[in-house]
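To start, the structure under review is shown below, and the notes come after it.
The values are calculated or read from the model by the stated rules, or taken from the named source; none is laboratory data. Since the structure is predicted, the reported quantities are computational estimates derived from the model, not experimental observations. Every residue, glycine among them, receives a Cβ derived from its backbone with ideal geometry; neighbour counts consider all protein chains shown.
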Amino acid sequence: MDLILPLYKNGFLSTEANMFFAVVLGFSFGFVLERTGFTRSQLIADTFYFKNIAVPKIMGVTVITTTTWFILFSWLGLIDLNQLFTPATYVVPYMVGGLLFGIGMVMAGYCPGTAVAGLGTGKSDAFVFIVGLFAGMFIYFISYPYIQEFASLGNLGVLKLHDLFGGNEYTSYVLTVVLEVGIILFLMLLQKLTNKGER
């Protein structure tokens with residue numbers, strides 16, 4: 001049997017081994033977040049004022065790097081892209097959820113991942129964020145029966161970029177790179193204008 005990624009879905013890793021690697025990678029990711037300063041709430045908060053765009057720049061480069069490896073491995077026959085989980089697209093709740101998520105990030109200076117890493121290093125503001133995060137999850141859980149219809153609005157199913165513009169996964173890759181580079185350049189321009197305005 002050929003070794004095809006993802007290993008767990010294709011039966012090359014047991015459940016126990018999969019959990020082990022997940023924990024190791026999780027701790028490694030948290031370590032990198034801490035060492036690069038991503039667990040400092042000020043760093044993320046400054047992003048929304050265009051004072052420091054290190055976070056979106058690194059995120060953009062990460063997306064480009066990851067998708068490049070995915071598309072390369074797919075071309076070499078080392079990964080089955082159809083085995084990768086892709087959630088359905090719900091237009092209206094995604095827009096509302098994204099707005100709430102952004103407001104939460106600019107108020108707290110954390111996202112869920114950086115907050116957990118910050119909590120691991122003993123940051124009290126990260127603890128407050130985590131408490132608020134779980135409170136919001138609990139409220140959503142108990143209110144879901146009442147907002148279930150809203151949560152399903154604009155269901156477009158599993159939608160990928162090449163479904164919109166034609167082509168295949170290579171089309172999606174090119175569009176992803178173009179979008180990420182465009183976003184990074186746009187944010188760099190905003191940062192430059194912001195810094196010029198403060199002088």
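Against the conditions (1) aromatic (Phe, Trp, Tyr); (2) under 17 Å from the mean Cα position of the chain (by Cα); (3) over 22 Å from Val178 (Cβ atoms), Tyr49 satisfies every one except (2). Reported count of residues in region 40-49, each being assigned to a helix (DSSP H, G or I) and in contact (Cβ under 8 Å) with a residue 12 or more places away in the chain, is 5.
Scanning region 57-79 for residues that are out of contact with any strand residue (DSSP E or B) (no Cβ under 7 Å at 6 or more places or on another chain), under 18 Å from Lys160 (Cβ atoms) and in contact (Cβ under 8 Å) with a residue 12 or more places away in the chain turns up Val63, Ile64, Thr67, Thr68, Ile71, Ser74.
Among the listed residues Thr86, Thr171, which satisfies the condition of being closer than 28 Å to Lys9 by Cβ, of a type in the set (Ser, Thr, Tyr) and without any contact (Cβ under 8 Å) to a residue 40 or more places away in the chain?
On the way: Thr86 fails: without any contact (Cβ under 8 Å) to a residue 40 or more places away in the chain.
Thr171 is the lone residue from the list that is closer than 28 Å to Lys9 by Cβ, of a type in the set (Ser, Thr, Tyr) and without any contact (Cβ under 8 Å) to a residue 40 or more places away in the chain.
Taking the residues in region 116-168 that are among the acidic types (Asp, Glu) and free of Cβ contacts under 8 Å to residues at least 60 places away in the same chain as candidates, determine which candidate is nearest to Tyr90 (Cα to Cα). Only one residue tops the list, namely Glu149.
From the list Val61, Val32, which one is modelled with pLDDT under 90, within 28 Å of Tyr173 (Cβ to Cβ) and not in a loop (DSSP other than H, G, I, E, B)?
On the way: Val61 fails: modelled with pLDDT under 90.
Result of the check over Val61, Val32: Val32.
Counting only helices (runs of 4 or more DSSP H) that fall entirely inside region 85-199 and contain at least 3 residues that are surrounded by 12 or more Cβ atoms within 10 Å (Cβ to Cβ) and modelled with pLDDT under 90, the qualifying elements are 91-108, 112-120, 161-165, 169-198.
Could you tell me whether any residue of region 4-11 is over 21 Å from the mean Cα position of the chain (by Cα), more than 24 Å from Tyr173 (Cβ to Cβ) and not charged (D, E, K, R)? Yes, some residue in region 4-11 is over 21 Å from the mean Cα position of the chain (by Cα), more than 24 Å from Tyr173 (Cβ to Cβ) and not charged (D, E, K, R).
Annotation: Gly37 fulfils all but one of (1) closer than 30 Å to Gln148 by Cα; (2) of a type outside the set (Val, Ile, Thr); (3) not in a helix (DSSP H, G or I); the unmet one is (1).
Here is a yes/no grid of residues against (1) surrounded by 14 or more Cβ atoms within 10 Å (Cβ to Cβ); (2) under 17 Å from the mean Cα position of the chain (by Cα); (3) under 24 Å from Gly120 (Cβ atoms):
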residue: Val24; (1), (2), (3): no, no, yes
residue: Gly30; (1), (2), (3): yes, yes, yes
residue: Ile44; (1), (2), (3): yes, yes, yes
residue: Val55; (1), (2), (3): yes, yes, yes
residue: Gly60; (1), (2), (3): yes, yes, no
residue: Val63; (1), (2), (3): yes, yes, no
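A single member of Asn18, Asn52 is touching a Phe, Trp or Tyr at 6+ places or on another chain (Cβ under 7 Å) and either over 24 Å from Ala108 (Cα atoms) or not in a helix (DSSP H, G or I) (or both), and it is Asn18.
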